[in-house]
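Since the structure comes first, as structure tokens, the remarks are kept for the end.
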Amino acid sequence: MGTDEVVLLSNPSHQQGFFHADYRGRVLSTNRVDVHELIAWGLDEYPYRGGARQKGVARHAERAQRRLAERRSYATCSALLEEETKRIEHLLFEHESRSDLHEEYEGLNWKLGVVDLHRLLAFQRRLVFSATSHRSAVPLRNDWSQLISFTLGSRRDTKYRLVCHSNVVDGLEVSLYSANPDLELRLNSKMAQNDLPPISLYGGSPFFEVAAFRDRWFLRDGYHRAYRLLQAGVHRIPAVIIYSRTIEEIGAAKPWFFGEGQLFSNRPPRVKDFLDESLILRYERVALQKVIRVRIEESVQPFDGADERQGECI
């Protein structure tokens, strides 16, 4: 961040977007986070792993691979618990018509049900833990009302810090800084139809998501909650279950996730493996923040009836 930038603090819960100027200038974060990385399935290129000695990492990975080789081959088993789902279907029914659920999973084949965390595969390589993050209490086993609140909660945090770049001559450029790695700017055509700004902030899915694909069951979203639940001895939980048609619908198509070769191997990574010290590498790294940079340029051009628009009209 340059010294010619003005830091603005925003209240994102206020949709009108009123901002309060803060001229304190640059604030450097010294926060550090703990990383738990699954290493028995090979290592990817990850620059923040440099804090750990490379030779030590290689030896640790070899030991993890030997431990993995002792595991039985994966046996196909549904993670959906039919009996438990039927037992609490009256509680799930109250949530099935929620507009936020239908909006989140528009175009997908989904339903609500109870799943077994022990049977879920993991496509995420790493979990990142911050000592400063707020953690709500983990519900007790079979406390289905609280478990539903824990896994089908309200919208995620969209707090951000807005920086206006004053060195831009021919337009306006701003940056949004957030501790939420899933923060996004989204276009919403329905808002535009109601004369509202078509751009809104999205903090990521707040729902615990499971995806079934090619006879395997994956944790799609909710890894940190799953870790805490398993630590507390809770493994039967309500979830959004998505019957995926492609690897993209699972959400596992990013280069920093495990690939199909690992996910459909004889011994794929499981969610509960994050709790097995022999299969993970622990290290610290500096805390990261999501940065969204927006540039607005204005120009004047002749109107000749020809539409040079590319893409979709909102």
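Where a number appears in this text, it was derived from the coordinates with a stated rule and is not lab data. What you see is a predicted model, and the numbers here were worked out from it, not measured in a lab. Don't worry about glycine lacking a Cβ; one is built from the backbone with ideal geometry, like all the others, and counts go over all protein chains shown.
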Using Cβ contacts closer than 10 Å as the measure, can you line up Arg285, Arg72 from fewest to most? Arg72, Arg285
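About its Cα centre, what dipole magnitude does the range 82-239 give when the only charges are +1 on Lys and Arg Cβ and -1 on Asp and Glu Cβ, stated in debye to the nearest 20? Could you put the intermediate results ahead of the total?
Numbers: 21 positive and 21 negative charges, 135 e Å.
The calculation lands at about 640 debye.
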Take the Cβ-Cβ distance between Arg67 and Arg228 as r, set R0 to 35 Å, and report the resulting FRET efficiency rounded to the nearest 0.05. 0.90
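Counting Lys and Arg as +1 and Asp and Glu as -1, what is the net charge of the other residues whose Cβ lies under 11 Å from the Cβ of Asp221?
Numbers: positive: Arg156, Arg220, Arg225; negative: Glu104, Asp182, Glu209.
Local charge sum for Asp221: 0.
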Between the DSSP loop rule and a limit of at most 13 other Cβ atoms within 10 Å, which trypsin sites (Lys or Arg not before Pro) in the range 208-238 are left? Arg214
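Starting with the fewest neighbours, write out Val234, Val210 ranked by other beta-carbon atoms found within 10 Å of each beta-carbon.
Numbers: Val234 19, Val210 28.
In order of increasing Cβ crowding within 10 Å: Val234, Val210.
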Zone of Asn109 (label point 7 Å along Cα→Cβ, backbone N under 19 Å): which residues in the range 242-266? 242-252
Please give the contour-minus-distance gain from His118 to Arg186: 0.36 nm per residue of separation, less the Cα-Cα distance, rounded to one decimal in nm. 21.0 nm
The rounded separation in angstrom of the Cα centers of the range 118-164 and the range 273-300 is 16
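Evaluate E = 1/(1 + (r/R0)^6) for Tyr74 and Cys164, where r is the Cβ-Cβ distance and R0 equals 51 Å; express this FRET efficiency to the nearest 0.05. Don't jump to the answer; show the numbers that get you there.
Values: r = 52 Å, r/R0 = 1.02.
Using R0 = 51 Å, I get an efficiency of 0.45.
Based only on other Cβ atoms within 10 Å, what is the fewest-to-most ordering of Val33, Val300, Val115?
Listed from fewest to most nearby Cβ atoms, that is Val300, Val33, Val115.
I'd like the GluC sites (Glu not before Pro) in the range 89-184 restricted to DSSP loop residues with at most 11 other Cβ atoms within 10 Å, sorted by number.
On the way: sites: Glu89, Glu94, Glu96, Glu103, Glu104, Glu106, Glu173, Glu184; in loops: Glu106.
When the GluC sites (Glu not before Pro) of the range 89-184 are filtered for loop state and at most 11 Cβ neighbours within 10 Å, Glu106 remain.
Within 10 Å of each candidate Cβ there may be at most 13 other Cβ atoms; applying that plus a DSSP loop requirement, which chymotrypsin sites (Phe, Trp or Tyr not before Pro) in the range 160-259 survive?
Numbers: sites: Tyr160, Tyr177, Tyr202, Phe207, Phe208, Phe213, Trp217, Phe218, Tyr223, Tyr227, Tyr243, Trp256, Phe257, Phe258; in loops: Tyr160, Phe208, Trp256, Phe257, Phe258.
Within the range 160-259, the qualifying chymotrypsin sites (Phe, Trp or Tyr not before Pro) (loop, at most 13 other Cβ atoms within 10 Å) are Trp256.
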How many nm is it between the label spots at Asp44 and Glu248, if each spot is 7 Å from the Cα in line with the beta carbon? 1.8
Would you please give the FRET efficiency between Glu83 and Arg156, computed as 1/(1 + (r/R0)^6) with r the Cβ-Cβ distance and R0 = 35 Å, to the nearest 0.05? 0.65
